[in-house]
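The structure appears below as structure tokens.
The values are calculated or read from the model by the stated rules, or taken from the named source; none is laboratory data. Since the model is a prediction, treat every value here as computed from it, not as a measurement. No Cβ is skipped: glycine too gets one built from the backbone with ideal geometry, and neighbour counts run over all protein chains shown. Please note that ligands, DNA and RNA were not included when accessible areas were found on the heavy atoms of the full protein model with its side chains. Shrake-Rupley method; radii C 1.70, N 1.55, O 1.52, S 1.80 Å.
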Amino acid sequence: MPELHHFHGGLVLDGHKTESLARGLQQASLTERLFLPLRQHIGDHNKPRVEIGDRVLKGQVIASDSALICAAVHAPTSGTISAIEDYPVAHPSGKMDTCIIIEVDGDDKAVEPIPVDLDNLNPDEMIELICRAGIVGLGGAVFPTSPKLSRGKAQGIDTLIINGVECEPYITCDDILMRFNAAEVISGSGYLQRILAPRTTYIAIEDNKPEAIAAMAKALAEHPLAGTEIVSIPTIYPSGGEKQLVQILTGKEVPHGQLALDIGVFCQNVGTCAAITHALEKDEPLISRVVTISGDNIAQPGNWEVRLGTPISHLIELAGGYRYGASGQLVMGGSMMGFALSGSKVPIVKATNCIMVMREETIPKSPGYHDECIRCGKCTEVCPAQLLPQQLYWHARAGAYERTQEFHLFDCIECGCCSTVCPSRIPLVQYYRAAKSEIRAAQKAQFKSDRARLRFEFREKRLQLKKQQDEERRRLKREALQKKKAGAGNGKSIEDPVQAALDRVKARKKNAQEDSQ
Amino acid sequence: MTSVIVSSPYVAQGSTLKRLMIQVIIALLPGTIAYAWYFGPGVIINICLAVLLALAFEAGILKLRAKPVMPHLTDFSAVVAAWLFALCLPMHIPWWLVLVGIGFTMVAGKHLYGGLGFNPFNPAMVGYVVLLISFPREMTTWYLPNSVSGETLSLKEALAYTFGGADIQQWDALSSATPLDQVKTAVAQGITVAEIRLSPVFGEYAGKGWEWIAFWWFIGGLWLLATRTIRWHIPVALLAAVIAMSLLFYLINPETYTSPLFHLLSGAVVIGAFFIATDPVTAATTDTGRIYYGLLIGCLIYVIRVWGGYPDGIAFAVLLANMCVPLIDYYTQPRVYGEK
């Protein structure tokens, strides 16, 4: 057991976990149509690899790109591509995004798996297989796993942390996964060890999940891994945040502007480990995930293994429907960091760990009126990033975005602790999110205008140069002509005919005058 | 299903502004009761009058500023400010002085700066200092505790005094300077501390009555700490500074400098440490900053008391420290996670 360290602040929250843990891990049925957003990861955009009318098999790539930070999307079942069009997706802004829509045929026919000699794969080949499977971090960040592994392997990893902390209220998908599929998580951790060769591996689980800890310990005893320990950590939100977890287990802080990788620590969620096992052992890409459905407006809260692209409405039906009628709020994620969804049409994606179905009354109303900040500093006490939230609020509200950056706005992890303890009920995180997006928009606009200015200046320069060149050319031509003229004059004198005619007229006039005198 | 987009976290907040203010009021009760016990019903009259006037001013200004009235009135911040202001007053003063003081507290101290949360100076201290400077005679006429004079004004007499229907001169025999004032005057005349201590206004450690009131403020302060309404930094630093300063000079010359215990238990040091200096709006906000802020106030209190023109210096010390808050906050920012 490593010596556990503390991170600054944090909160002990009402977990709301038991509701969704009673029914085990259930298999969600297939629905008629699946909606797959082209991009379900953080990073570059995918391009569709199928066309309308194509028949696809389960596991077939339907969207991908060759960019580095990218994760392919696969058909979660067999069927026909009926459309590639904009559809509501899970996004805080409630925006639409391009989705590939599959008309499900119900056969669930899969592509033939390519057998691999797993024991003789080298790390790079393993990373390649993980890349092909479209695996991303399933803890919520959805960063593509293969580029992260490549970088980790290149930099050298000292400590591998398997994150089964799951500190957010309501979410229990990792807990259920560890209880029911502990062996897959353990073998996935083993593959990560083969790729990264860490000195130590910690499997971190909050101490409010004794069943998961027991199941994982049993699985680890059956398939022992070298240098691996299961660590039970105190239940304090947000201990599952990567930076906080690194601090708890190693006592080290991830330096400002760097990643955990840079200090030799590699964190991966338990769900990702299970997905890696599927990819390597069965050649099965990431086409489903465990999703918690919970909240006070769902009849039977629980955990479901759901195919990606399944509309949330289907999951709500499976979970017994709404308890108090279909009004209220759907939230993706937990109660601290989740975001409101635009409706139940939105499909499950790789990032969907939890759907909260809440009654109107439970969700605080959008902030029309709140008390003023009294600078009590309770937000500072709980901030795990050790920021001064009330100073950030002050400057964000005033639109002094440069000052917010001086107070390290971008170190805010948006965990929501400050908003939770604020006695004036100020939606602090909302102010920070707004300030961040304003700053990003300004940076983008600055970049664009810089580029436009550069282009303009370059064009001006080019035009001027052209003008100069033209003038130069004209001058040379003129000179050449004059030279030519001068050269011709050397041979015999050419009289100007006009001058000659004038001379003749003059002479005639003179003669005439002389005659008349 | 139509959705209203709101931003996370989706958790009902526990602590509210109103609850914080109610905790402060609860914590003020034991000291207030002790104060009235020793000095008579004038204390309660002052508090009631100040609170009513403060609510009236608050409502009027909120209306003028076109702000929601009821949510602000019921956050009890005006009640707390008025209560603290009233506790600074001598136990018997005419009603119009309370009106002027509360007017400055609520209008100039609070709303001219933008209302709750925006005022740089502690509003109660602003109102008190205006009175202290403008009406020095009324503001320094204190009365002896009943344990010394053997009697206090009855409720009827006190009301008569406050609302001006009675001849004020008739109770002159009961009025006196505070123990702090007496020490200051006497030391200036070359009388030793030991000799002053023989005066009947002195009790075991400090002024008779005063020392026990300070004890009950301390109990209230512990309540604030226990309920996490305030944090320890400011009161501890303030008291430490007063003790350190007074101990230093007491050790140098106990004949002209009174003991640390006398300084702690006299005047407004304890209530100042727990209730006045901890006003979150006008105090420093970082942990280190709060320590500097408390130390600064503590030192200023001692300096004003011993070498300044006033017998007690809480109000001036707090206002001076308020001015330094932006500077203190700027230079005591905590190290952010991941920074060297």
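Using amide H atoms built 1.01 Å from N in the peptide plane, name the residues 5+ places from A:L11, or on other chains, whose amide H lies under 5 Å from its own.
A:Y237
Considering the dipole of the protein assembly as shown built from charges on the beta carbon (Lys and Arg +1, Asp and Glu -1) around the Cα centre, which of A:A90, A:C417, B:Q189 is farthest to its positive end?
Most positive-ward Cα: A:A90.
Provide a list, ordered by number, of residues in the range A:415-431 showing at least 50 Å² less accessible area with every protein chain present than when their chain is taken on its own, using a 1.4 Å probe.
A:T420, A:P423, A:R425
Mind checking which of B:S8, B:L116, B:A59 is farthest towards the positive end of the range B:1-120's charge dipole, using Cβ charges of +1 (Lys, Arg) and -1 (Asp, Glu) about the Cα centre?
The Cα lying farthest towards the positive end belongs to B:S8.
What do you get for the angle between helix A:210-222 and the principal long axis of chain A? Use alpha-carbon atoms, 0 to 90 degrees, nearest ten.
Rounded to the nearest ten degrees, it is 90.
Kindly write out, for the range A:262-267 in residue order, the coupling ³J(HN,Hα) from the Karplus curve 6.51 cos²θ - 1.76 cosθ + 1.60 (θ = phi - 60°), rounded to whole Hz, with x marking Gly and Pro.
Taking θ as phi minus 60°, the curve returns 5, 10, x, 10, 10, 10 Hz for the range A:262-267.
May I ask you to give the percent of accessible area on the range A:18-307 that is carbon plus sulfur, with a probe radius of 1.4 Å? Provide the component values of the computation, followed by the final result.
Working: 5710 of 11100 Å².
Here it works out to 51 percent.
Take peptide B:278-285, look around each residue's Cβ out to 10 angstrom, count Cβ atoms belonging to other protein chains, and average those counts.
Numbers: counts 1, 3, 8, 5, 2, 3, 2, 9.
Averaged over the peptide's residues, the number is 4.
Please name whichever of B:S154, A:S288, A:I176 sits farthest to the positive end of the charge dipole of the protein assembly as shown, dipole taken about the Cα centre and charges placed at Cβ: Lys and Arg +1, Asp and Glu -1.
A:S288
Sort chain B into rounded, prolate or oblate with this rule: let a ≥ b ≥ c be the square roots of the eigenvalues of the Cα gyration tensor; rounded if a/c is under 1.5, and if a/c is not under 1.5, prolate when a/b is larger than b/c, oblate otherwise. Before the final figure, lay out each step's value.
Values: a/c = 2.07, a/b = 1.31, b/c = 1.58.
Oblate is the answer for chain B, as a/c is 1.5 or above yet b/c matches or exceeds a/b.
For A:A110, which sequence-distant residues (separation of 5 or more, or a different chain) have an amide H within less than 5 Å of its own amide H, given hydrogens modelled in the peptide plane?
It is A:K58, by chain and number.
I need the phi-derived Karplus couplings for the range A:42-56: 6.51 cos²θ - 1.76 cosθ + 1.60, θ = phi - 60°, integer Hz, Gly and Pro marked x.
Coupling constants for the range A:42-56: 8, x, 6, 6, 8, 10, x, 10, 10, 10, 4, x, 5, 8, 10 Hz.
Return the value, in Å² to the nearest 100, of accessible area buried between chains A and B (probe 1.4 Å, both sides summed).
Details: alone 26730 and 16720 Å², together 38840 Å².
Buried area between the two chains comes out at roughly 4600 Å².
Quick test of the membrane-span-like rule: which DSSP H helices of chain B reach at least 18 Å along their long axis (C-alpha atoms) with mean Kyte hydropathy at least -1.0?
On the way: long enough: B:17-39 (32 Å, 1.28); B:42-64 (33 Å, 2.17); B:210-226 (24 Å, 1.22); B:233-252 (28 Å, 2.29); B:287-307 (30 Å, 1.00); B:314-331 (24 Å, 1.68).
Qualifying helices, which must be both long enough and hydrophobic enough, are B:17-39, B:42-64, B:210-226, B:233-252, B:287-307, B:314-331.
Roughly how many debye, to the nearest 20, is the charge dipole of chain A about its Cα centre, given +1 on each Lys and Arg Cβ, -1 on each Asp and Glu Cβ, and no other charges? Can you show the working numbers first?
Details: 61 positive and 63 negative charges, 826 e Å.
In debye, rounded to 20, chain A gives about 3960.
Give me a single rounded figure for A:388-397: the average over its residues of other chain Cβ atoms within 10 Å of their Cβ. Display every interim value, and only then the final one.
On the way: counts 8, 0, 4, 5, 0, 0, 1, 0, 0, 0.
Rounded to a whole number, the mean comes out at 2.
Leaving out same-chain residues fewer than 8 places away, which lysines sit with a Cα under 18 Å from that of A:K485?
By straight Cα distance, A:K485 reaches A:K477.
Check cross-link reach from B:K63 to the lysines: straight Cα distance under 18 Å, and skip same-chain residues fewer than eight apart.
B:K110
Between helix A:389-398 and chain A, what is the angle of the helix's C-alpha long axis to the longest principal axis, kept within 0 to 90° and rounded to the nearest 10?
The answer is roughly 40 degrees.
Between helix A:497-516 and chain A, what is the angle of the helix's C-alpha long axis to the longest principal axis, kept within 0 to 90° and rounded to the nearest 10?
Long axis of A:497-516 versus the principal axis of chain A: about 30 degrees.
With charges set only on the Cβ (+1 for Lys and Arg, -1 for Asp and Glu), what does the dipole of the range A:18-307 come to about its Cα centre, in debye to the nearest 20? Show your work: numbers first, answer last.
Working: 23 positive and 38 negative charges, 76 e Å.
Here the range A:18-307 has a charge dipole of around 360 debye.
For a Förster distance of 45 Å, can you work out the FRET efficiency between the beta-carbons of A:S93 and B:W307, rounded to the nearest 0.05? The partial results should precede the final answer.
Details: r = 63 Å, r/R0 = 1.40.
For R0 = 45 Å, the calculated efficiency reads 0.10.
Can you give the extra length, in nm with one decimal, that the chain gains between A:Y401 and A:A217 once fully stretched, where that is 0.36 nm per residue apart less the Cα-Cα distance?
Details: separation 184, 0.36 × 184 = 66.24 nm, distance 4.85 nm.
Value of the extension gain: 61.4 nm.
Could you do me a favour and compute the accessible area per residue for the protein assembly as shown, 1.4 Å probe, result in Å²? Working shown, then result.
Working: 38840 Å² over 857 residues.
Value for the protein assembly as shown: 45 Å² per residue.
Taking the Cβ of A:P301 as the centre, find all other residues whose Cβ is under 12 Å away and add up their charges (Lys, Arg: +1; Asp, Glu: -1).
Numbers: positive: A:K17, A:R23, A:R323; negative: A:E19, A:D296.
Once all neighbours under 12 Å are counted, the net charge is +1.
Taking each pair of distinct Cα atoms in the protein assembly as shown once, what is the resulting Kirkwood hydrodynamic radius in Å? Before the final figure, lay out each step's value.
Values: mean 1/r = 0.0304 Å⁻¹.
One decimal place: 32.8 Å for the Kirkwood radius.
Under the rule of at least 5 residues apart or a separate chain, name every residue whose amide H is placed under 5 Å from the amide H of A:A83.
Those qualifying (amide H under 5 Å, at least 5 residues apart or on another chain) are A:I101.
Determine the distance separating the Cα centre of the range A:272-297 from the Cα centre of the range A:32-101; give it in Å without decimals.
Here the answer is 17 Å between Cα centres.
Please tell me which of these pairs span more than 31 angstrom C-alpha to C-alpha: A:K345/A:K448; A:K109/A:K153; A:K95/A:K153; A:K209/A:K350; A:K95/A:K209; A:K209/A:K252? Spell out each step's value before the answer.
Numbers: A:K345/A:K448 35 Å; A:K109/A:K153 36 Å; A:K95/A:K153 37 Å; A:K209/A:K350 24 Å; A:K95/A:K209 36 Å; A:K209/A:K252 25 Å.
Going by Cα-Cα distance, A:K345/A:K448; A:K109/A:K153; A:K95/A:K153; A:K95/A:K209 fall outside the 31 Å limit.
For the protein assembly as shown, what is the percent of antiparallel DSSP beta bridges, rounded to the nearest 5? Can you show the working numbers first?
Working: 40 of 64 bridges.
Once the DSSP bridges in the protein assembly as shown are tallied, antiparallel ones form about 60 percent.
Scan the range A:95-153 for trypsin sites (Lys or Arg not before Pro) in coil per DSSP, keeping those whose Cβ has at most 11 other Cβ atoms within 10 Å, and list them by number. Walk me through the intermediate numbers first.
Details: sites: A:K95, A:K109, A:R132, A:K148, A:R151, A:K153; in loops: A:K95, A:K109.
Those satisfying the criteria are A:K95.
Please average, across the residues of A:254-265, the number of beta carbons from any other chain that are within 10 Å of each residue's own beta carbon, and give a whole number.
Working: counts 2, 4, 5, 2, 1, 0, 0, 0, 0, 0, 0, 0.
Partner Cβ neighbours, averaged per residue: 1.
Any chance you could list the semi-axes, whole Å, largest first, of the equivalent ellipsoid that the Cα gyration tensor gives for the range B:196-240, using √(5λ)? The partial results should precede the final answer.
Details: eigenvalues 160, 28, 5 Å².
One finds semi-axes of 28, 12, 5 Å for the range B:196-240.
With a 1.4 Å probe and every protein chain kept in, tell me what percent of the accessible surface of chain B is carbon plus sulfur. The partial results should precede the final answer.
Numbers: 9840 of 14310 Å².
That fraction is 69 percent.
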